[in-house]
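Asker: One structure coming up, written as structure tokens, with questions to follow.
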Amino acid sequence: MAVLLLLFLALFSNSKADGDFDVRRHLSTVTRYGAVKDIVDDSFIPAHIPDGCTPIHLNLVARHGTRSPTKKRMRELEILASHIKELIKDAKERDLSLQKVPAWFLKWESPWKGKLKGGELDIKGEEEMYRLGISVRERFPGLFNEEYHPDVYPIKTTQVPRASASAVAFGMGLFSGKGSLGPGRHRAFAVTSESRASDTILRFFDCCQTYKDVRKSQEPGFDKLKEPILTDITSSLAKRYEFNFTRQDISSLWFLCKQEASLLDTTDQACSLFSPAEVALLEWMDDLQMFIVKGYGRSLNYRMGVPLLKDVVQSMDEAIKAREGNQVPGSFEKARLRFAHAETVVPFSCLLGLFLEGSDFERIQKEQPLDFPLKPPQKRKWRGSTVAPFAGNNMLVLYSCPANSSSKYFVHVLHNEHPIPMPGCGGTDFCPFQVFKDKIVQPHLKHDYDTLCNANLDQPKPKPETSKLPLLFRWLFGWGNDDTPSHGVEL
């Protein structure tokens with residue numbers, strides 16, 4: 001297996017010109033929005049929206065913008081800095097050559113050293129969300145031409161500060177020039193949230209005890225999942241730089257690479273340690289974990305998001321009722337804007353059936369397990385950098401069409417502001433509303449949130465359903481014996 005991996009690394013490296021590879025597009029869910037928002041499937045041809053069709057309502061489900069590392073992960077980087085110093089000191093005392101060790105290693109300190117708090121929205125995240133607000137308004141001017149009222153444009157967020165700050169930045173862009181505050185003529189607007197303990201619409205994952213129990217039981221498997229890749233890359237880097245790296249060092253250096261590239265636009269330090277092929281494997285490792293923990297890897301991951309799906313459909317039903325009833329403009333909702341987390345956006349994308357391969361949608365409808373995302377260099381649709389980058393979003397725009405159309409109302413689905421095919425609607429991005437409800441929404445509604453998440457909490461917990469994970473990784477790699485601390489993908 002090691003020989004095959006080394007062969008793959010060599011082939012990948014030789015086939016990829018350095019100038020074509022931008023590591024900032026390969027950081028899984030730590031990728032900045034601007035680096036990937038315009039990466040689309042060139043083989044997909046978006047639907048032509050018929051003349052006379054006009055948008056009457058918009059639903060937005062967005063992840064917060066780029067944020068700082070958490071306090072726990074900042075501490076990890078300080079431990080890495082200390083270990084590097086120890087290794088360098090040891091090498092000098094033993095008169096070992098440091099000729100191949102990168103120069104920046106010798107005096108490196110964590111950029112976040114001494115910082116007491118973490119996890120907040122970064123200035124780059126503020127800019128992402130502000131620009132997204134402007135972009136949405138410019139794309140759908142007819143939806144945002146009303147005088148602001150919180151019942152017309154409700155903005156909802158979780159109680160986590162980076163999500164609420166993202167909502168504020170978005171709103172500043174959306175309503176810029178429409179108020180009287182400051183040179184930018186900003187205006188005040190309301191942002192509301194539910195308690196973390198009861199927010200089953202945007203933090204359904206936090207209120208679902210079954211999900212939390214299953215996720216905790218999976219953690220040892222994730223460590224084993226990462227072992228083979230980290231072991232081989234550790235060996236490669238140790239030989240390349242003649243430095244005594246550990247697997248934990250490589251895990252921390254990969255995390256450092258993602259933070260430096262995303263937050264600081266620095267790609268010539270930690271990221272430069274890895275070849276494009278090694279980055280591809282590390283990215284796949286993160287993407288695979290996201291698939292298993294938040295995506296199609298287990299049906300509970302997305303079925304617990306049904307309250308959010310119901311909320312979206314309800315808002316569209318109400319918009320249709322307002323239009324059919326000829327309600328006065330300004331008296332009904334025109335957009336429902338939500339700001340949350342990757343744990344919200346990823347399951348919601350799965351409920352819509354996005355990023356599926358081949359016949360996967362039919363398999364989901366039959367409640368059959370899906371295959372894991374293909375390993376590089378094979379191509380795959382499931383990539384954290386496009387499914388849920390910072391500020392990643394899904395928009396569902398409800399259109400009213402002329403009476404001579406095949407349907408009076410349609411749903412246009414956009415992911416990161418681009419049309420995206422829905423397998424449940426024949427692979428189109430512009431779906432008759434009734435078909436959307438019948439084919440995509442209705443099959444999920446048989447799953448009740450309370451039954452899925454909180455039933456029989458006083459009873460002994462059942463064993464989790466059999467996972468293909470152990471079998472897959474025994475077949476691919478075999479297990480290692482060393483103990484590696486858990487490092488979940490940060491969101």
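The values are calculated or read from the model by the stated rules, or taken from the named source; none is laboratory data. All values derive from a computational prediction rather than experimental measurement. So basically every Cβ, Gly included, is an ideal-geometry build from the backbone, and we count neighbours across all protein chains shown. The accessibility values were calculated without ligands, DNA or RNA, using every heavy atom of the protein model including side chains. Shrake-Rupley method; radii C 1.70, N 1.55, O 1.52, S 1.80 Å.
Asker: Among the numbered criteria (1) open to solvent by 50 Å² or more (accessible area, probe 1.4 Å); (2) part of a loop (DSSP other than H, G, I, E, B), which single criterion is violated by Lys85?
Answerer: Every listed condition holds for Lys85 apart from (2).
Asker: A follow-up question, please. Could you tell me which of the residues Phe175, Phe170, Phe205 is over 30 Å from Leu282 (Cβ atoms), in contact (Cβ under 8 Å) with a residue 12 or more places away in the chain and in contact with a helix residue (DSSP H, G or I) (Cβ under 6 Å, 6 or more places away or on another chain)?
Answerer: Going through Phe175, Phe170, Phe205 in turn, the sole match is Phe170.
Asker: Right, something else. Here are some residues: Lys258, Lys294, Lys226. Which one is buried (at least 20 other Cβ atoms within 10 Å of the Cβ) and modelled with pLDDT under 95?
Answerer: Lys226
Asker: If you take the residues of the range 340-353 that are small (Gly, Ala, Ser) and in a helix (DSSP H, G or I), which of them is farthest from Lys294 (Cα to Cα)?
Answerer: Looking at residues that are small (Gly, Ala, Ser) and in a helix (DSSP H, G or I), I get Ser349.
Asker: Also, I was wondering about something else. How many residues does the range 356-371 hold that are open to solvent by 40 Å² or more (accessible area, probe 1.4 Å) and more than 9 Å from Tyr296 (Cβ to Cβ)?
Answerer: Within the range 356-371, residues that are open to solvent by 40 Å² or more (accessible area, probe 1.4 Å) and more than 9 Å from Tyr296 (Cβ to Cβ) number 10.
Asker: Somewhere in the range 105-116, is a residue assigned to a helix (DSSP H, G or I), within 30 Å of Gln248 (Cβ to Cβ) and open to solvent by less than 40 Å² (accessible area, probe 1.4 Å)?
Answerer: Yes: one or more hits.
Asker: Another one. Being open to solvent by 60 Å² or more (accessible area, probe 1.4 Å) and more than 12 Å from Phe243 (Cα to Cα) is the filter here, so list the residues in the range 95-104 that pass it.
Answerer: Asp95, Ala103
Asker: Quick one: how many residues across the range 303-339 are part of a loop (DSSP other than H, G, I, E, B), in contact with a helix residue (DSSP H, G or I) (Cβ under 9 Å, 6 or more places away or on another chain) and surrounded by fewer than 17 Cβ atoms within 10 Å (Cβ to Cβ)?
Answerer: Going through the range 303-339 one residue at a time, the tally reaches 2.
Asker: Could you grab me the full set of residues in the range 23-60 that are in contact with a helix residue (DSSP H, G or I) (Cβ under 6 Å, 6 or more places away or on another chain), within 30 Å of Pro329 (Cβ to Cβ) and either modelled with pLDDT under 95 or open to solvent by 30 Å² or more (accessible area, probe 1.4 Å) (or both)?
Answerer: Within the range 23-60, just Pro55 meets the criteria.
Asker: Also: Checking the condition among the basic types (Lys, Arg) and either buried (at least 16 other Cβ atoms within 10 Å of the Cβ) or under 29 Å from Gly125 (Cβ atoms) (or both), which residue from Lys71, Lys92 passes?
Answerer: Lys71
Asker: Looking at (1) over 30 Å from Val214 (Cβ atoms); (2) hydrophobic (A, V, I, L, M, F, W, C); (3) in contact with a Lys or Arg (Cβ under 7 Å, 6 or more places away or on another chain), which one does Ala403 not meet, given that it meets all the others?
Answerer: Result: Ala403 fails condition (3) only.
Asker: Additional query: I'd like the full set of residues that are in contact with an Asp or Glu (Cβ under 8 Å, 6 or more places away or on another chain) and open to solvent by 40 Å² or more (accessible area, probe 1.4 Å), limited to the range 375-401.
Answerer: If the condition is that a residue be in contact with an Asp or Glu (Cβ under 8 Å, 6 or more places away or on another chain) and open to solvent by 40 Å² or more (accessible area, probe 1.4 Å), then Lys381, Arg383 are the ones that fit.
Asker: Would you confirm, using the coordinates I've provided, whether Ser97 is among the polar types (S, T, N, Q) and either touching a helix residue (DSSP H, G or I) at 6+ places or on another chain (Cβ under 8 Å) or modelled with pLDDT under 90 (or both)?
Answerer: Yes; evaluated as a whole, the condition is true for this residue.
Asker: Here is a list: Leu288, Leu263, Leu281. Which entry is closer than 30 Å to Trp112 by Cβ, among the aliphatic types (A, V, I, L, M), in contact with a Phe, Trp or Tyr (Cβ under 8 Å, 6 or more places away or on another chain) and at pLDDT 95 or above?
Answerer: Every option except Leu288 fails the conditions.
Asker: Would you mind stating whether Ser135 is outside any loop (DSSP other than H, G, I, E, B) and of a type in the set (S, T, N, Q)?
Answerer: yes
Asker: Can you run down the residue pairs with Cβ atoms below 6 Å, 6 or more apart or on separate chains, where the first is in the range 131-151 and open to solvent by less than 100 Å² (accessible area, probe 1.4 Å) and the partner is of a type in the set (D, E, K, R)?
Answerer: Within 6 Å, the pairs are Leu143/Lys334; Phe144/Arg137.
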